[in-house]
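Visitor: A single structure is presented below for examination.
The values are calculated or read from the model by the stated rules, or taken from the named source; none is laboratory data. All values derive from a computational prediction rather than experimental measurement. Cβ sites come from the backbone with ideal geometry, for glycine too, and all protein chains shown count toward neighbours. Just the protein is used for accessible areas: all its heavy atoms, side chains included, with ligands, DNA and RNA removed. Shrake-Rupley method; radii C 1.70, N 1.55, O 1.52, S 1.80 Å.
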Amino acid sequence: MRIRVQKFGGTSVATPERRSRVIHHIRQALDEDCRVVVVVSAMGRKGDPYATDTFLEWVSENGDPLSPREQDLLLSCGEIISASTLSGILNREGIANTVLTGGQAGIITNDQYNNAQILTVNPTRVQEELEQDRVVILAGFQGKTIDGEITTLGRGGSDTTATALGVALKADTVDIFTDVEGIMTADPRIVEDAAPLDTVTYSEICNLAFQGAKVIHPRAVELAMQTNVPIRVRSTMSDHPGTLVSSTHHRDQPGGEFHDRLITGITHMPRVTQVKVPAKEGQYDLQLKVFKAMAENGISVDFININPSGVAYTVYDQVADRAEEILLSLELEPELVRHCAKVSVVGAGIAGVPGVMSRIAEALTQEDIQILQSADSHTTIWVLVPGEDMVQAIRSLHRKFELHNVHMTS
């Protein structure tokens, strides 16, 4: 039994026109002799009547804040409304289907309300429905505890639902439908000639997602990577095959051709503040003192550099004042550079290739962009730049590595 999991986000089910495209993609999969599981998010975005944020605003305007448990009860309704709406359309089209909540589909989580983690998936009920030639429509973003309490999975929860179920069902593919025709070499709102990518590796898309790209949640990719279930990132409004996410770049190309690449994409994270704390003579516990204080006050740190002369790291702009106050209270002398941006160059081809950092430095220097801090890993090189230079930095790096020329099948 070939199984395909299809996930449709909030904008994909928000209007009659887009819902008709959802039905089109379901029919395509059925015509390819696949059994289909459809995972849906709540309809639309903030301001739309059934969107998650709209539910939260409604409650805040009509009473006191809900406890985390009751909040999850409320938030789970959005996906159920989407699933039921889609079920009615499929009924009208003569396509047999069943709607299941996350709990009914066998998604068991811990009891961390609002951001629950999946413990196990028992897809028996889903398999039974598929064996009866019924499309299973699943409310994404949710599960239940072993005690039967409804939970939600936090940011990217519907992506996580889809991939977790795909892994449990040993699906052929998990299709993530979005507003774009796949994963791009950069944000197309910043780089006009950003190109869609034919393939990316699990590692690359995790790095792109962690560093600011919002096409798919990295937690979902990590689940798929455990059992090598392929993911396709596609556009709801197009029949283009999109971007294949798998363990390698290899994919059938016209004429058997294969194009390797050094860099996969450029991504960014704006609105961060650089914090530098110089060490005093013989002060060997500085890093412990600094990072313990940040942790105790719930401040997330990133882009960490430690050396004998001191420590440097970044925090989000909105907590920079608080971080400075904490460090001053410890009689330290922090130096803050506010409103910076972290720009990341991601590519599985970076590892072991000399000259990549040199080309990054050359591209930015030619534009008179100061590199405030840098770091690298196996597949990513990060640079911290002044926030006002972020857009130009992204564009110059995209040009430097000629990412507009990446190979893309039609």
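Visitor: Considering the convex hull of the alpha carbon atoms of region 107-175, report its projected area averaged over all viewing directions, in nm², one decimal.
Guide: For region 107-175, averaging the hull's shadow over all directions gives 4.6 nm².
Visitor: Are there any GluC sites (Glu not before Pro) in region 20-77 that are in a DSSP loop and have at most 15 other Cβ atoms within 10 Å? List them by number.
Guide: GLU32
Visitor: Checking the a/c ratio against 1.5 first, then a/b against b/c, what shape does the Cα gyration tensor give for region 51-128?
Guide: Note, shape of region 51-128 comes out oblate.
Visitor: Suppose every Lys and Arg Cβ carries +1 and every Asp and Glu Cβ carries -1, with no other charges. What dipole size does region 296-410 come out with about its Cα centre, to the nearest 20 debye?
Guide: Computed charge dipole of region 296-410: roughly 680 debye.
Visitor: Something else now. Can you pull the percent of Cα pairs in region 301-410 with separation above 21 Å?
Guide: Tail of the P(r) past 21 Å holds 45 percent of the pairs.
Visitor: Within region 361-410, list the GluC sites (Glu not before Pro) lying in a DSSP loop whose Cβ has at most 12 other Cβ atoms in a 10 Å radius.
Guide: Here the GluC sites (Glu not before Pro) that fit, given the DSSP loop and packing criteria, are GLU402.
Visitor: From zero outward in steps of 5 Å, how is the percent of C-alpha pairs of region 120-231 spread across the bins?
Guide: 2, 11, 19, 22, 18, 13, 9, 4, 2, 1, 0
Visitor: Could you list the residues of region 78-107 with an amide nitrogen less than 19 Å from a label point located 7 Å from the Cα of MET1 in the Cα-to-C-beta direction?
Guide: Backbone N within reach: 95-107.
Visitor: Same structure again: Using a Cα distance threshold of under 27 Å, what count of lysine pairs results for the chain when pairs must be 8 or more residues apart or interchain?
Guide: 19
Visitor: Within the chain, which is the longest segment containing none of the chymotrypsin sites (Phe, Trp or Tyr not before Pro) that sit in a DSSP loop and have at most 12 other Cβ atoms within 10 Å?
Guide: The answer is 1-257.
Visitor: What is the distance, in nm, between label points placed 7 Å from the Cα along the Cα-to-Cβ direction at GLN112 and at ARG189?
Guide: Taking the two extended label points, one gets 2.9 nm.
Visitor: On average, how much accessible surface per residue is there in region 281-410, in Å², for a 1.4 Å probe, leaving out ligands, DNA and RNA?
Guide: 53
Visitor: Stretch PHE291-ARG92 to full length: gain in nm at 0.36 nm per residue minus the Cα-Cα span?
Guide: 65.8 nm
Visitor: Residues of region 1-128: accessible area per residue at 1.4 Å, in Å²?
Guide: It amounts to 48 Å² per residue over region 1-128.
Visitor: In a solvent-free Debye calculation with one equal scatterer on each Cα, what is log10 I(q)/I(0) for region 58-180 at q = 0.11, 0.21 Å⁻¹, listed in the order of the q values?
Guide: Cα-only, vacuum Debye calculation for region 58-180: -0.39, -1.23.
Visitor: Here's a follow-up. Using 5 Å bins from zero, what percent of all Cα-Cα pairs in region 1-95 falls into each bin?
Guide: 3, 13, 21, 20, 15, 11, 8, 5, 2, 1, 0
Visitor: Sticking to Cα atoms, compute the Rg of the chain to one decimal and its Dmax as the biggest Cα-Cα distance, whole number, in Å.
Guide: 23.2, 77
Visitor: Taking only Cα atoms, what is the 0 to 90° angle, nearest 10, from helix 320-329's long axis to the longest principal axis of the chain?
Guide: Once rounded, one gets 50 degrees.
Visitor: Then there's this: Using a 1.4 angstrom probe on heavy atoms only, work out the carbon and sulfur share of the accessible area of the chain in %.
Guide: In the chain, the share of accessible area belonging to carbon and sulfur is 48 percent.
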